[in-house]
Each structure stands twice: as C-alpha cells, then as structure tokens.
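J.: Quick one: the structure is below, and I'll ask about it shortly.
The values are calculated or read from the model by the stated rules, or taken from the named source; none is laboratory data. Here the structure is a predicted model, which is why all the values come from computation and not from measurement. Cβ atoms come from the backbone with ideal geometry, glycine included; neighbour counts cover every protein chain shown. Just so you know, the surface numbers come from the protein's heavy atoms only, side chains and all, with ligands and any DNA or RNA stripped out. Shrake-Rupley method; radii C 1.70, N 1.55, O 1.52, S 1.80 Å.
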Amino acid sequence: MAMEVISPRIRGFVCTNAHPEGCAAAVRRQVGIARAARPAAPRGGTALVIGASTGYGLGSRIAAAIGHDMDTLGVFLERSPSGSKTGTAGWYNTVAFHDAADHAGRKAVSINADAFSNATRERALDRIRRELGPIDLLVYSLASPVRTHPETGQSFRSSLKPIGRAYTTKTLELEDSRVHEVTLEPATQEEIDATVAVMGGDDLRRWMDALARADLLAPGVRVTAYSYIGPQLTWPIYRDGTIGAAKNDVRRVVDELDAQLRKSHGGGAWVSMNAGVVTQASSAIPAVPLYISLLYQVMGDLGLKEEPIHQMVRLLNDHLAPGAIPAPDSDRLIRLDDRELRADVQARVAGMWREVTTENVRSLCDLDLVKREFQQLFGFAVEGVDYSKPAETESPIPV
Ligand code: NAD
C-alpha cells in the first residue's frame with residue numbers, strides 16, 4: 001500500500017509522474033469507445049502489440065481486445081512504481097487494460113522489457129507458444145529515442161533533425177505558451193544512420209523472422225507499422241528529416257514482409273499513416289505541438305477531431321481485424337490521416353500558421369485543450385477523478 005495525493009510534475013514536454021486513477025479512467029473511456037464500435041460478429045484471434053502501453057499502441061490493443069475479442073500480448077518499456085515514485089503512465093494504463101480484458105473474458109499477457117533485445121523476443125515467443133497461440137495481427141507501434149543493437153551491443157540515439165540544410169520554424173513552449181523561432185541544424189550522416197538504426201525497420205524484421213522461425217504466425221497473418229506524413233510545413237523536420245528516413249526504412253521492410261507473407265501465409269503487411277496527435281513521442285518534435293494545437297482547433301470546429309482510439313477502431317474495423325478487407329491507397333498505405341490532410345483543413349491551418357505569434361496564439365486556438373490532453377496522457381486533468389484524494393500507487397501488472 002502506498003497512498004499518495006499526486007500532482008503533475010511537468011517540465012517542458014516531459015511529465016515525470018503519473019496518476020493511477022486518472023490513467024485508469026482514461027483507459028476505461030477508450031474501452032467504452034472500442035466497445036461501442038464492435039462489429040456484429042467479432043472473429044477473435046491473437047494480436048501482438050509492440051509498444052502497447054501508451055498512444056497508438058495502447059489504442060490498438062484496446063481496439064483488438066475489446067472491439068474484436070482478440071487475446072493480446074503487449075510489449076512495452078515502463079517504470080514500475082517504487083517507494084515515493086509513481087510508475088509511468090504506461091504502467092498504470094496496462095494495469096487498467098488487464099482489468100478491462102479480464103472483464104471482457106480476453107486473455108492478456110504483458111511483457112515489460114526492452115523490445116529491441118533478443119531475450120525479450122524469446123520471452124514473447126515462449127508466452128505466445130504456451131498461452132496464446134499463433135499471431136493473427138502484429139502491430140508495431142514502438143517510439144523510442146534509443147536502441148541497443150541485439151547483436152553488436154552498440155547503442156544508438158535517434159535525433160529529430162532536418163537533412164541537407166538547416167531549418168527555421170516556429171515552435172511552441174507548452175509551459176509558458178510562448179511561440180518563437182528555432183533553427184535546427186542539419187543532421188550528420190552518423191545521426192541519420194543512428195535514427196534509422198533506432199526507428200527504422202530492422203527491429204520489426206527481427207520480430208517477424210523470430211515468429212516465422214518458431215512457426216507462430218497464423219494463416220492470413222496481418223502486420224502493420226505506424227508512420228506519419230503530415231502537412232508540408234512539417235516536412236523538413238518530419239517526412240524529409242531523420243525520422244522520415246527511418247520511416248522510409250520501415251516502409252521498405254513492410255513491403256518486403258508483405259511479399260513474403262502473401263506467399264508463405266496468405267497474409268500481408270501495411271504501413272498505416274496515422275494522424276498527428278498529442279502523445280509522449282510527438283510532443284518532443286519541434287514545430288509539431290504548435291501545428292497540432294492549430295490542427296485541433298480546425299478539426300474541432302469542423303467536427304473531425306479524433307483521438308488515437310478512434311483511429312485504431314477504424315484501422316481494425318475497416319482494414320486489419322480478422323475478416324476485414326484491407327483497403328490501402330494506390331501506394332499501399334492505409335490512410336487514417338485522411339481527415340487531417342483534407343484540403344480545407346490544411347488551408348485553414350496554413351493560414352493560422354503564417355499568422356501565429358505569442359500574442360495571438362490563445363485567440364487562434366484552444367491551448368488549454370492541448371495542455372489538458374498532454375496532462376491526460378499521464379492521468380491528470382481526467383474528468384471524474386478527485387485529485388485531492390490519496391491514490392494507491394503500488395498497483396501491479398499481472399504477470
Ligand atoms: P508513445 O510514446 O505514446 O508510445 C511508445 C510505446 O513504445 C510505449 O508503449 C512505450 O512503452 C514503448 N517503448 C518505447 N521504447 C521501448 C523499448 N525499448 N522496448 C519496448 N517498448 C518500448 O508513441 P506514439 O506517438 O503512440 O507512437 C507510436 C507509433 O506511431 C510510432 O511509430 C510513431 O512514429 C507513430 N505515429 C505517431 C503519431 C503521433 O502524432 N503521435 C502520428 C503518426 C504515427
């Protein structure tokens with residue numbers, strides 16, 4: 001027992017603690033959204049979600065388990081609670097997910113360990129073999145700043161930089177609502193290579209090879225990895241930057257896997273282009289939080305705004321759940337960013353982007369909404385939670 005009154009400890013784009021009850025309430029809300037969108041006859045099956053504890057990966061796991069009656073194995077890297085330190089949000093999200101999966105009668109297995117390591121892969125294969133059965137759906141939703149290579153032991157750190165030339169952009173400080181310009185120097189070749197080593201397709205390839213060798217891929221298995229295109233104004237830092245280079249590598253690996261899985265299992269692999277949303281990963285990218293603040297305003301005005309769970313429900317229902325027929329675009333990409341990239345949405349955001357300054361940012365968009373969504377990632381500012389009461393921080397993830 002460790003009962004504590006918990007207030008957010010936020011520094012810039014990092015929150016160093018989390019609220020267990022707020023995380024649980026946020027997960028319950030997502031579970032409700034997935035349940036409301038259940039198809040008439042879910043087909044079940046087994047899903048492996050790598051990066052399953054927050055953001056798009058958590059949404060995928062909830063959509064699979066609650067919306068499609070799938071048993072799930074979630075792999076993630078989160079800090080457990082200890083002493084006076086709370087666990088991370090992904091820890092408490094997973095505790096709450098297990099609760100929801102239990103209530104729904106679904107098996108849920110979680111592995112809190114470095115997904116890049118061979119030892120974690122071996123543990124996952126063992127649990128799949130003993131407790132779950134072959135994988136029908138693999139979701140790769142890892143977002144990590146670092147990777148230790150499983151063969152060489154070399155450590156790589158990714159960077160968020162433009163390629164070729166410096167890039168000057170507006171950016172937003174969430175703490176004091178200041179809009180200012182930053183200039184980002186171009187990445188060196190070493191930095192580009194390191195970002196590809198961390199966020200590129202090599203690790204997904206290793207997971208798929210290990211599952212295939214162990215004969216743990218079900219007939220018709222489907223694989224997806226997440227990426228982002230975004231609007232032109234973020235291209236120098238995203239699509240055409242170091243992270244974009246890594247995402248191109250993911251796409252290359254996914255296309256290779258697709259060709260193989262079609263022959264070997266009658267399955268397939270697709271990159272899903274998801275929309276820009278506030279998550280722990282996206283908040284760290286220069287220019288992106290300001291862009292997302294303006295985007296949320298426009299999408300809210302037009303009734304188009306979606307959270308990760310809404311998109312993941314669409315992804316499963318319309319494309320990837322067992323029985324659904326994938327409907328990618330002509331480049332073989334599944335497009336969940338269709339609403340974000342609508343011409344009318346982007347025209348309005350681009351106009352606001354040109355105008356936005358520290359002085360007018362609050363009149364152009366609802367910064368409080370973005371700040372609230374950021375806090376909600378960590379279980380704070382969640383409706384219905386009494387933050388003046390002590391909360392139990394020591395909740396365990398079932399093993
Ligand atoms: P996130 O930070 O919310 O989630 C990252 C997940 O990866 C967490 O579950 C975390 O525990 C896990 N993780 C990190 N390092 C790990 C490690 N070494 N071993 C095991 N697990 C580890 O991120 P997100 O924004 O949901 O991003 C997920 C994917 O979606 C990424 O590929 C990202 O590029 C993509 N995407 C994000 C956005 C966006 O706007 N957030 C848009 C489109 C695509």
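J.: Stretch Q154-E175 to full length: gain in nm at 0.36 nm per residue minus the Cα-Cα span? If you can, show how the numbers build up before the last one.
T.: Numbers: separation 21, 0.36 × 21 = 7.56 nm, distance 3.54 nm.
Length difference between fully extended and current span is 4.0 nm.
J.: Along the stretch 374-385, what does the Karplus equation 6.51 cos²θ - 1.76 cosθ + 1.60 (θ = phi - 60°) give for ³J(HN,Hα), rounded to whole Hz, x for Gly and Pro?
T.: Calculated HN-Hα couplings, in order: 5, 5, 5, 4, 10, x, 9, 6, 8, 4, x, 9 Hz.
J.: So, one more: Project the alpha carbons of the stretch 302-399 onto their principal axes and report the range along each, largest first, in whole Å.
T.: Projected onto the principal axes, the Cα atoms of the stretch 302-399 cover 52, 50, 20 Å.
J.: Calculate for the chain the 222 nm mean residue ellipticity that helices alone would give, adding -39,500 (n - 2.57) per DSSP H run of length 4 or more and normalising by residue count, nearest 500 deg cm²/dmol.
T.: After summing the helix terms and dividing by residue count, I get -11500 deg cm²/dmol.
J.: Which of the GluC sites (Glu not before Pro) across the stretch 313-379 are loop residues per DSSP, with 10 or fewer other Cβ within 10 Å?
T.: Numbers: sites: E340, E355, E359, E373; in loops: E340, E359.
Passing sites in the stretch 313-379 are E359.
J.: Ok, one more. For labels at E185 and R262 in the simple 7 Å Cα→Cβ model, what's the distance in nm?
T.: Result for the modelled spin labels: 4.5 nm.
J.: How much net charge surrounds T86 when only other residues with a Cβ under 13 Å from its Cβ are counted (Lys, Arg +1; Asp, Glu -1)?
T.: On the way: positive: R9, R79, K85; negative: E4, E21, E78, E392, E394.
Summing Lys and Arg as +1 and Asp and Glu as -1 gives -2.
J.: Still on this structure, please answer the following. Give me the net charge of S159's neighbourhood, meaning all other residues with Cβ under 12 Å from the Cβ of S159; Lys, Arg count +1, Asp, Glu -1.
T.: Working: positive: R157, K161; negative: E185, E190, E191, D193.
It works out to a net charge of -2.
J.: Also, I was wondering about something else. Rolling a 1.4 Å sphere over the protein heavy atoms, what is the accessible area per residue of the stretch 22-129, to the nearest Å²?
T.: 35
J.: Take R213, R339 and sort them by solvent-accessible surface of the protein heavy atoms, 1.4 Å probe, largest at the top. Walk me through the intermediate numbers first.
T.: On the way: R213 185, R339 80 Å².
So the residues, ranked largest to smallest area, are R213, R339.
J.: Now for a separate question. Loop only by DSSP, 15 or fewer other Cβ within 10 Å of the Cβ. Give me the GluC sites (Glu not before Pro) in the stretch 153-224 that pass, ordered by residue number.
T.: Details: sites: E173, E175, E181, E190, E191; in loops: E175.
Answer in residue order: E175.
J.: Something else: Gain in length, A350 to L304, computed as 0.36 nm per residue apart minus the alpha-carbon separation, to one decimal in nm?
T.: On the way: separation 46, 0.36 × 46 = 16.56 nm, distance 1.71 nm.
Roughly 14.8 nm would be gained on extension.
J.: P(r) of the stretch 1-143 in 10 Å steps, Cα pairs, percent per bin?
T.: Spelled out per bin, shortest first, that is 12, 41, 33, 13, 1.
J.: Still on this structure, please answer the following. More than 32 Å apart: what percent of Cα pairs in the stretch 9-392 qualify? If you can, show how the numbers build up before the last one.
T.: Details: 22764 of 73536 pairs.
Counting pairs separated by more than 32 Å, the tail of P(r) holds 31 percent.
J.: Ignoring ligands, DNA and RNA, please state the percent of accessible area on the chain from carbon and sulfur, probe 1.4 Å.
T.: Details: 8470 of 16750 Å².
Here carbon and sulfur together make up 51 percent of the probe-accessible area.
J.: In addition: Based on the Cα atoms of the stretch 16-82, what semi-axes does the equivalent ellipsoid have, where each is the square root of 5 times one gyration tensor eigenvalue, given in whole Å with the largest first? Don't skip to the answer; put the middle values down first.
T.: Values: eigenvalues 110, 45, 12 Å².
Ellipsoid semi-axes (Å, largest first): 23, 15, 8.
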